[in-house]
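**Q** Have a look at this one before I ask anything.
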Amino acid sequence: MPVLHTPALTSGRRPLTALLTAALLLGAAVGAGSTTAATAATGTGTATATATANATAAHADEPGWTAEPAAGGAGPARPYFYLSGPAGTVLEDRLALTNSSDRERTVTLRGADAYNTADGALAVRPAEPPAAEGRGGTARGAGSWISFGTATTVRIPPRTRAVVPFTVTVPPASPPGDHPAAVIAAEDGREAGVRVHLRVAGPTLAALTVEDVSVHGKGARAVVAYTLVNRGNVALVPELALRAEGLFGEVPGRTARALPVELLPGQRVSLTEPWPGAPVLDDVDLTLTVTAPGAAPATAGASAWFVPWGIAARTGAGLLGLGAVALAALLLVRKRRARGRGPAHEEPVPAGKRAPEHELTGASR
């Protein structure tokens, strides 16, 4: 369910990035674990201790309450709000708050702007202190168009479902296109958010670019880093394809696949793509192609040398050793030749002037 959610916060300004579905599963697991622990603890206690432990477990249940779009009549449950209209109009919808615990809940409601984090996750702006509102604080977007009137704080009795209406007042000068926002419900440091897909009527433009392409690692561990920018006015779900050309022909790349990111208008995200087909030794020209429905394909490239430095170092050491052996052998051969030639300054003696040779016969003269 595409619902924004954050668990118990340690800071009032942390962004909301988790899905409500995951929070519900986590809450159910925590609640089940707490109940099991309480039941085990009562094995050696009295009936009073058992009642006290069960009451403590009931109060420790999380999340204890949920927030979701109110179903319209007999229609199916909605995963998010979808509102559309021209600039200058007032749109209406309803939020359902369900208290499944045994105690009263006091929930505070507000609107918030949605955006992409640097790695592409969806998040919402934190609530601004009253002193910062209207005085040059965070830029106000569609979240500020949402109003619950006097019902910004709602008390929900135990085991009760409350339906709270709200309005979205679209300013007259609002540009056409998507204006992402969310409805936020908060109690005791825990916040849950429901996406609001809001589109202002008018011309739409789907456009994106891919930038800052680089390659890290080699072989099966190689990854391609890149930046996507949504330059249009509608949200995009892009697809990425990777093509590579090496010195000896085409290198295995990546076929087109949908990226796990929803890129909101005007947002920039930095992503990485695994490239298990990268070579170990080659000079490669890499081309990334990104597409999205309604948008022209965007391409960007990079060049990368893949050199197995470990093998290269060992090969270089071997060649140096071989060269040293060859040089030593050459010097040894030259030295031996120089010894066989005799002294270089002696001149040859003519045959007629040689001293007579004496024959040794053993007789005296």
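The values are calculated or read from the model by the stated rules, or taken from the named source; none is laboratory data. Because the structure is a prediction, the values reported are computed rather than measured. We place every Cβ from the backbone using ideal geometry, glycine too, and count neighbours over all the protein chains shown. For accessibility, only protein heavy atoms count, side chains too; no ligands or nucleic acids. Shrake-Rupley method; radii C 1.70, N 1.55, O 1.52, S 1.80 Å.
**Q** If you take the beta carbon distance between Ser270 and Glu245 as r and set R0 to 22 Å, what does 1/(1 + (r/R0)^6) give as a FRET efficiency, to the nearest 0.05?
**A** E(calc), rounded to 0.05, equals 0.30.
**Q** I would also like to ask the following. Starting from the Cα-Cα distance between Tyr82 and Ser303, subtract it from 0.36 nm times their residue separation and give me the gain in nm to one decimal.
**A** 75.2 nm
**Q** Another question, if that's okay. For His216 and Arg161, calculate 0.36 nm times their separation in residues minus their Cα-Cα distance, and state this gained length in nm to one decimal.
**A** The His216-Arg161 span can extend by a further 14.6 nm.
**Q** Hey, if you put +1 on the Cβ of every Lys and Arg and -1 on every Asp and Glu Cβ in segment 123-244, which of Pro171, Asn233, Val215 ends up farthest toward the positive end of that dipole?
**A** Sorting the options by dipole projection puts first Val215.
**Q** What net charge is computed for the residues neighbouring Ala258, neighbours being all others with C-beta under 15 Å from the C-beta of Ala258, Lys and Arg scored +1, Asp and Glu -1? Don't skip to the answer; put the middle values down first.
**A** Working: positive: Arg254, Arg257; negative: Glu239, Glu262, Glu273.
Once positives and negatives cancel, what remains is -1.
**Q** Sorted by mean Cβ packing within 10 Å, highest first, what order do the peptides 269-280, 181-192 take?
**A** 181-192, 269-280
**Q** Can you give the FRET efficiency for Thr150 and Tyr115, using 1/(1 + (r/R0)^6), R0 = 35 Å, r = Cβ-Cβ distance, to the nearest 0.05? Could you put the intermediate results ahead of the total?
**A** Values: r = 29 Å, r/R0 = 0.82.
So the FRET efficiency works out to roughly 0.75.
**Q** Given a 1.4 Å probe and heavy atoms of the protein chains only, how would you sort His197, His216, largest accessible area at the top?
**A** Ranked from most to least accessible, the order is His216, His197.
**Q** List, in order, the whole-Hz ³J(HN,Hα) value for each residue of segment 96-111 obtained from phi through the Karplus relation with A = 6.51, B = -1.76, C = 1.60 and θ = phi - 60°; use x for Gly and Pro.
**A** Going residue by residue, I get 9, 10, 10, 9, 9, 8, 9, 9, 5, 10, 10, 10, 9, 10, 7, x Hz, with x marking Gly and Pro.
**Q** Excluding Asn233 itself, calculate the net charge of residues whose Cβ lies under 10 Å from the Cβ of Asn233, where each Lys or Arg counts +1 and each Asp or Glu counts -1.
**A** Cβ neighbours under 10 Å give a net charge of +1.
**Q** Additional query: Excluding Leu242 itself, calculate the net charge of residues whose Cβ lies under 10 Å from the Cβ of Leu242, where each Lys or Arg counts +1 and each Asp or Glu counts -1.
**A** The answer is +2.
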